[in-house]
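Participant: My questions all concern the structure below.
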Amino acid sequence: CVMPFTTQAAVLSDWQDQPEDAVVATILKQNVTWSTLRLAASEASEADRLALNEDPEIFSSYVKKLALRQYIIKQAQNIKLDETSLVESAVREAYDKAMIAQWLDFATQPEEGFPSQQQVNTAYEENKQQFIVPSRVNLSQLFLLHSDDKQVDAARVEKVLNEIKANPNGFAELSKIHSDHAESAANGGSLGWLQVDQIQPDILKAIGNLKAGQISNPINTDKGSHFILVNSIAPASVKPIEDVTDAIVQALQNQQQQEKQQQMISQLFVLVDINSVD
C-alpha cells in the first residue's frame, strides 16, 4: 500500500527556533514534531547532521524514515505487541547487549598519551599503501554528440579537428562554441581533476601517453567523439603523515580497545566457578 505522507521545509536548519510541537511531517494523521526530529538528529553523527542541514533530499529521506519508524511503533503499541513475551525478550536482550558493550568500552579506554608519536610513525610506515592518493589528471574536453548521419558526424569532427590544430591555445573557446556537453562547455570544457579510475577506459587509453598541454585526436565512443586536453598531471602520491594522524590514532586506539576487551573477557571467563550437583 502507499501511505499518504506530507513533509514541510527543505532542510533541518529551517526548523531551528520553531515551537517544540511544530509539525514537521505527517503520516496517516500521525505527526512528527520538531522536538522529536531535534532529539533524533542530536544523536546523529556530525557528518550526518551537516548533511541534514545542507541536502534537502537527505533531509526528506531522514524525516520519512523517522516518521515511518514512529508510525509502525505506534501501531505495534496499539495492539499491545510491547507486552508480548517475544518483544519483552528482545528488549531484554538488546538492553543486555548495550550494557555489556558500554561497560567494556568504559573499562578499556586507552591510557593517556596512547598512542605515542613513535607508534603513530611506525603505523604510518607499515601501512603506507592505505594512504596512497591515486594519480590524477586535470582535463578539458570538447564533446561532439553522435547523430543518425555518420557522414555529417565525420564532417563535423573533421571541421573541429582542423580548428583545434589551427588554434590549440583556443581550446576553451572552441569547447564553448562546439561542445555538446553543456556543463563542461560552460566552463571552457573543464572537467577538473579526475582520478584515473574515474575516466572511461577507452579515453584513458587514448590519453595515456599525452603530456600536459597536449590534445588528443578524436576519441570515438558509443555516445560521440571526444577531444581531450590534458591540462596537468599529478602522479600517485602518499598522503603526508600530518593529514592522516587523526585516523591512525583512532585506528590504534580502537585496536588496543578490542585487544583489551578480548583479554578481559578471557580473564573473567576463567574466573567462573561451576558448582557440581550433589
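The values are calculated or read from the model by the stated rules, or taken from the named source; none is laboratory data. Every value quoted in this text rests on a predicted model; they were computed, and no experiment measured them. No Cβ is skipped: glycine too gets one built from the backbone with ideal geometry, and neighbour counts run over all protein chains shown. Heads up: the accessible areas ignore ligands, DNA and RNA and are worked out on the full protein's heavy atoms, side chains in. Shrake-Rupley method; radii C 1.70, N 1.55, O 1.52, S 1.80 Å.
Participant: Regarding ASP222, is this residue closer than 30 Å to VAL152 by Cα and open to solvent by 100 Å² or more (accessible area, probe 1.4 Å)? Quick ask: steps written out before the conclusion?
Facilitator: Details: closer than 30 Å to VAL152 by Cα: yes; open to solvent by 100 Å² or more (accessible area, probe 1.4 Å): yes.
Yes: the conditions hold for ASP222.
Participant: A further question follows. Can you tell me which residue among ALA47, ALA67 is closer than 27 Å to TRP15 by Cβ and in contact with a Phe, Trp or Tyr (Cβ under 8 Å, 6 or more places away or on another chain)? Break it down into steps so the answer makes sense when it comes.
Facilitator: Numbers: ALA47 fails: in contact with a Phe, Trp or Tyr (Cβ under 8 Å, 6 or more places away or on another chain).
Exactly one of ALA47, ALA67 is closer than 27 Å to TRP15 by Cβ and in contact with a Phe, Trp or Tyr (Cβ under 8 Å, 6 or more places away or on another chain), namely ALA67.
Participant: How many residues does region 57-84 contain that are farther than 18 Å from THR26 by Cβ and surrounded by fewer than 16 Cβ atoms within 10 Å (Cβ to Cβ)? Walk me through it before giving the result.
Facilitator: Of region 57-84, the ones farther than 18 Å from THR26 by Cβ are 57-58, 76-77, 79-84.
Add one more test, that the residue is surrounded by fewer than 16 Cβ atoms within 10 Å (Cβ to Cβ), and what stays is 57, 76-77, 79-84.
Count: 9.
Participant: So for region 221-243 (the condition being among the aliphatic types (A, V, I, L, M) and without any contact (Cβ under 8 Å) to a residue 24 or more places away in the chain), does at least one residue qualify?
Facilitator: Of the residues in region 221-243, the ones among the aliphatic types (A, V, I, L, M) are 228-230, 233-234, 236, 238, 241.
After this cut, where a residue has to be without any contact (Cβ under 8 Å) to a residue 24 or more places away in the chain as well, the list is none.
Looking through region 221-243, none of the residues is among the aliphatic types (A, V, I, L, M) and without any contact (Cβ under 8 Å) to a residue 24 or more places away in the chain.
Participant: Only residues that are part of a helix (DSSP H, G or I) and open to solvent by 70 Å² or more (accessible area, probe 1.4 Å): list them for region 140-175, please.
Facilitator: Going residue by residue through region 140-175, those that are part of a helix (DSSP H, G or I) are 150-166, 168-175.
Matches in region 140-175: LYS150, GLN151, VAL152, ARG156, GLU158, LYS159, ASN162, LYS165, ALA166, ASN169, GLU173.
Participant: Within region 251-268, is there a residue that is charged (D, E, K, R) and in a helix (DSSP H, G or I)?
Facilitator: Checked against the condition, which is being charged (D, E, K, R) and in a helix (DSSP H, G or I), region 251-268 yields at least one hit.
Participant: Could you tell me how many of the residues in region 130-185 are over 21 Å from LEU204 (Cα atoms) and free of Cβ contacts under 8 Å to residues at least 24 places away in the same chain?
Facilitator: 23
Participant: Let me ask you something else. Give the residue, chosen from THR33, THR108, THR26, that is among the β-branched types (Val, Ile, Thr), in contact with an Asp or Glu (Cβ under 9 Å, 6 or more places away or on another chain), over 30 Å from GLN250 (Cβ atoms) and surrounded by 15 or more Cβ atoms within 10 Å (Cβ to Cβ). Spell out how you get there, then give the answer.
Facilitator: Values: THR108 fails: over 30 Å from GLN250 (Cβ atoms); THR26 fails: in contact with an Asp or Glu (Cβ under 9 Å, 6 or more places away or on another chain).
Answer to the selection: THR33.
Participant: What is the one condition in (1) modelled with pLDDT of 95 or more; (2) open to solvent by 30 Å² or more (accessible area, probe 1.4 Å); (3) not hydrophobic (A, V, I, L, M, F, W, C); (4) not in a strand (DSSP E or B) that ASP197 does not satisfy?
Facilitator: It fails just one condition, (1).
Participant: Considering only residues of region 113-139 that are of a type in the set (A, V, I, L, M, F, W, C) and over 15 Å from PRO240 (Cα atoms), which is most open to solvent (accessible area, probe 1.4 Å)?
Facilitator: The initial filter retains those residues of region 113-139 that are of a type in the set (A, V, I, L, M, F, W, C), namely 114, 120, 123, 131-133, 137, 139.
If we keep only those that are over 15 Å from PRO240 (Cα atoms) too, we end up with 114, 137, 139.
Working: PHE114: 38, VAL137: 18, LEU139: 4 Å².
Only one residue tops the list, namely PHE114.
Participant: Let me ask another. Can you tell me which residue in region 201-212 is farthest from VAL137 (Cα to Cα), limited to those that are in contact with a Ser or Thr (Cβ under 9 Å, 6 or more places away or on another chain) and either loosely packed, with under 12 Cβ neighbours inside 10 Å or among the small types (Gly, Ala, Ser) (or both)?
Facilitator: From region 201-212, those in contact with a Ser or Thr (Cβ under 9 Å, 6 or more places away or on another chain) are 202-203, 206-207, 210, 212; that's our starting set.
Then drop every residue that is not either loosely packed, with under 12 Cβ neighbours inside 10 Å or among the small types (Gly, Ala, Ser) (or both), which leaves 206, 212.
On the way: ALA206: 13, ALA212: 9 Å.
My answer is ALA206.
Participant: Determine whether region 210-220 contains at least one residue that is outside any strand (DSSP E or B) and in contact (Cβ under 8 Å) with a residue 24 or more places away in the chain. Let's see the steps before the verdict.
Facilitator: Keep residues of region 210-220 that are outside any strand (DSSP E or B), which gives 210-214, 216-218.
Filter again for in contact (Cβ under 8 Å) with a residue 24 or more places away in the chain, leaving 217-218.
Scanning region 210-220, I find at least one residue that is outside any strand (DSSP E or B) and in contact (Cβ under 8 Å) with a residue 24 or more places away in the chain, so the answer is yes.
Participant: Considering only region 85-122, state which residues are without any contact (Cβ under 8 Å) to a residue 60 or more places away in the chain, within 20 Å of MET264 (Cα to Cα) and either touching a helix residue (DSSP H, G or I) at 6+ places or on another chain (Cβ under 8 Å) or not in a helix (DSSP H, G or I) (or both).
Facilitator: If we filter region 85-122 for residues that are without any contact (Cβ under 8 Å) to a residue 60 or more places away in the chain, which is where we start, we get 85-103, 106, 111-113, 116-118, 122.
Checking which are within 20 Å of MET264 (Cα to Cα) leaves us with 96-103, 106, 111-112.
Result: GLU111, GLU112.
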